Amino acid sequence: MSSKRIGKYSLIGLACALFFAFVAVSCTSTQEENDDQAKVQEIVSNMTLDQKAKLVIGTWRLGGGFGFGPAQEEQPVEDSDPAYTEMATRVRSYLPGAAGFTAEFLETGITTQVLSDGPAGLRITPIREGDDENTYYCTAFPIATVLASTWDTDLVYSVGQAMGEEVLEYGSDILLAPALNIQRNPLCGRNFEYYSEDPLVAGKMAAAMVNGIQSNGVGTSIKHFAANNSETNRMSVNEIISERALREIYLKGFEIAVKEAQPWTVMSSYNKVNDVYTSESHDLLTKILREDWGFEGYVMTDWGGGSDVIAQMEAGNDLIEPGQKSQYEEILAAVQDGSLEESVLDRNISRMLKIMLKSPRYNGYEFTSKPNLDANAQVTRQAATDGMVLLENKENTLPMPTADNNIAAFGITSYDFISGGTGSGDVNEAYTISLTQGIANAGFETNTELTKVYEDYKTEQEAIRDAEQEGQGGFFWGREPLPEMKVTKSLASEMASKTDVALITIGRNSGEGGDREPIEGDFYLSSTEKDMIKNVTDAFHAQGKKVIVVLNVGGVVETASWKNIPDAVLLAWQPGQEGGNSVMDVLTGKVNPSGRLAVTFPVSYDDVPSSDQFPGYEVGGETDDAEDLSGFSFMRRVPFETVYNDDIYVGYRYYNTFDVPVSYEFGYGLSYTNFEISNLELSSSEFDGSITATAEVTNTGSVAGREVVQIYVSAPDVKLEKPEEELTAFDKTKMLQPGETETLSFTISAEDITSFNEANSSWIIEPGAYTVKAGASSIDIQSESSFNVASEILVETVNKAMTPPREIEKLSKN
């Protein structure tokens, strides 16, 4: 009796202790916020109007450069104000190669914020003039499509931790990453920076990345807000999108990232949405981002984005990057003549200063310029292997038998491996492990004769490429893959008689400033590549030997026409600097592939629902400043428009709803073992705010491995039509031994099954029967259950915002 009483009161005491601890932490946090707010107010009150106007404009350079490329620190600062010139020159010396800097006024307590690219790792200058003893390389981590394919937010968090450590130790304050726009169309040049066609995957991955990076005490800038889903005429393209598609597809990932991770900053995109530049949209930056979602940081432009600096200030775009003197002068004049309230500047500056107070530079962190690159290389190697997707594996071709130790490596990309895309998503890494280097590191041999043929060809083609690109600069165009070498039947037969197995690597690269094309050699394999696959496969099969294709690509390519020819196909994506090692980890079975597609591979480009609208079309003559490279425009601006008539039917939402066959569906991926997903059970048959789903996963094969369980929900059409199903939750098992079972639990909240009702700007759950599906892909559904919603549920009412300027002829299943 007494022992029970003691236990009871012990629990009460523990509860009280936890309560008071929570109150203490809450009070401390509130006090710190109050102290920070007081500091910010004091700084703002001591600033002159001139300083305010300069702080919201990046440290401009009058030489015309925008800070792109490794030589940006050499671009001179020219200004009639010697004090400003000295300051701007000084802050740019803090981290050579950083993308941008805010102004610094030490006399008022304002330190600069160093802003650095990018999504696959810190992008800075690795070799510095006058410093011959040190190098400043960074880790090239796997691209976003790799990380999304892991379906593992814990792993992505660890990648963010490693990435953030380099940001901190090299002396940056904010990393301009992650990018999480939706992969609406497979031809977008920056899809390699983006996670998925699905907003839940994109949002969860971005939130994990932000939390990982910011665990180091540095900030992030999630981008490009919003709907930056193409690169063609990106400075002026006007995207006409319904409110529902915006809320459910193109903004949802950002909403998840903001609510679950509170990034320090958000970067507005270049494009217009519904006739308004995003950086000038009060609806987007204030009504939605701040009022609806509760964002607490500040917003910066993409470099050179927008057209009206006053509109940007008023909309809530707090910082203009990289900044031009004319913009500072315009703001100064607008305040002086009363057309811009000084209180708007004070508001924007306060947001910037609130973040500054958290920054490493303001807090005097003594960075080392010596991050743990060796440890981070191991992180990138693991992340890459976990994100590779095994697409084909006939007759258990993989893992490769150890007896097959002499390999014929075909494809120029085997020797010129691509770690990542171009533009701001590129990284200046110390090395990239090619596939042939990975083969050697794994203890295998490559045929020396074939290697010599390819190395000679590679040298010849590199000279041609370098001559063609001379003087073009490398930021946007980067390092294009070399043209594929023709593989004759005789060469293939010769190699088949001398080696044990053939590896063929197909490479693609793309990046900022341009989109891909639905042509041979880009989305479609070239005739040279297809001939290589067929000739090599025929020759090796004639000798009873296997052929493996490795796709070293940043985005989707056509596979349906050739995928059944070789014995195995591994989608390696662009796996970062340890790429060759990561590929061999999977091919040899050191790692059992557990990557699953976060984007659909269509049969044909014509099957893509946005194919007839991508990337858009010209709507008139060039604007007056189309050739003006000195102001906001560093790229030509052409009146351009695209209508999102695919509406909410993006990716698998379209293919599954309209029964369009695909080559590989969303969520697909093979393993070296087999799994069974079963016994999906729901906590209730009636929905009352949330519901819990559990499912069992059993490894029914003979090799240890991990499986991704995907939870989809099919909702009834009442007032609003719905896709056939939508991803609602996902999780990845632990490493399951053969015969082992794990039970995974998923909470389905009201927010997870809502639809956006444009009529009254609300998120609603419509009444009727809802089917919950547990599967290994959007098609491979293995267990189902259902629940009922008795009557319509109003989940949330939000601001009316982003209304399209005209009616859209939207895709509909009715």
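The values are calculated or read from the model by the stated rules, or taken from the named source; none is laboratory data. Being a predicted model, the structure only gives us computed values, none of them experimental. Positions of Cβ are generated from backbone atoms using ideal geometry, with glycine treated the same way; all protein chains shown enter the neighbour counts. Heads up: the accessible areas ignore ligands, DNA and RNA and are worked out on the full protein's heavy atoms, side chains in. Shrake-Rupley method; radii C 1.70, N 1.55, O 1.52, S 1.80 Å.
Considering only protein heavy atoms, what per residue accessible area in square angstrom results for the range 476-608 with a 1.4 angstrom probe?
So the range 476-608 comes to 30 Å² accessible per residue, rounded to a whole number.
How would I256, I407 rank on accessible area, largest to smallest, probe 1.4 Å?
Of I256, I407, the descending order of accessible area is I256, I407.
To the nearest Å, what is the center-to-center distance of the range 572-623 and the range 390-460, using C-alpha atoms only?
19
Tell me, how many Å apart are the Cα centres for the range 743-814 and for the range 265-286?
Cα centroid of the range 743-814 versus Cα centroid of the range 265-286: 26 Å apart.
How far, in nm, would the chain grow between A430 and T448 when pulled straight, counting 0.36 nm per residue and subtracting the alpha carbon separation?
Computed gain between A430 and T448 is 3.9 nm.
If each DSSP helix of 4+ residues adds -39,500 (n - 2.57) and the sum is divided by the residues in the chain, what number results at 222 nm, nearest 500 deg cm²/dmol?
Calculated from helices alone, the mean residue ellipticity at 222 nm is -9000 deg cm²/dmol.
Taking Cα pairs under 8 Å and at least six residues apart, what relative contact order does the chain come out at, in percent?
14
Hey, got a sec? Which GluC sites (Glu not before Pro) in the range 97-148 land in a DSSP loop and have at most 11 other Cβ atoms within 10 Å?
In loop regions of the range 97-148 (DSSP not H, G, I, E or B), the sparsely surrounded GluC sites (Glu not before Pro) are E129, E133.
Are there DSSP H segments in the chain that both extend 27 Å or more along their axis (alpha-carbon positions) and score a mean Kyte-Doolittle hydropathy of at least 1.6? List them, or say none.
none
With just the Cα atoms defining each centre, how far is the range 212-253 from the range 292-367? Give it in Å.
Going from one Cα centre to the other spans 19 Å.
Charges at C-beta only: +1 for Lys and Arg, -1 for Asp and Glu. How large is the resulting dipole of the chain about its Cα centre, in Debye rounded to 20?
Its charge dipole is roughly 1980 debye.
How big is the range 492-556 by the Kirkwood estimate over distinct Cα pairs, in Å?
13.1
Assuming a ≥ b ≥ c are the square roots of the Cα gyration tensor eigenvalues, decide whether the range 225-272 counts as rounded (a/c under 1.5), prolate (otherwise, with a/b larger than b/c) or oblate.
Note, shape of the range 225-272 comes out oblate.
State, as an integer percentage, the relative contact order of the range 263-380 based on alpha-carbon contacts under 8 Å between residues 6 or more apart.
That works out to 23 percent.
Express in Å², to the nearest 10, the accessible area of H541 obtained by rolling a 1.4 Å probe over the protein heavy atoms while all chains stay in place.
Its accessible surface works out to 80 Å², give or take rounding.
Long-range amide H contacts for T432: which residues qualify at under 5 Å (H placed 1.01 Å from N, peptide plane, sequence gap of 5 or more or a different chain)?
So T432 has HN proximity to no qualifying residue.
Determine how large the accessible area of I355 is when every protein chain is in place; take a 1.4 Å probe and give Å² rounded to the nearest 10.
Surface open to solvent at I355 totals about 10 Å².
Can you run the Rg to Rh ratio on the chain? Use alpha carbon positions and the Kirkwood inverse-distance Rh.
With Rg and the Kirkwood Rh in hand, the quotient comes to 0.97.
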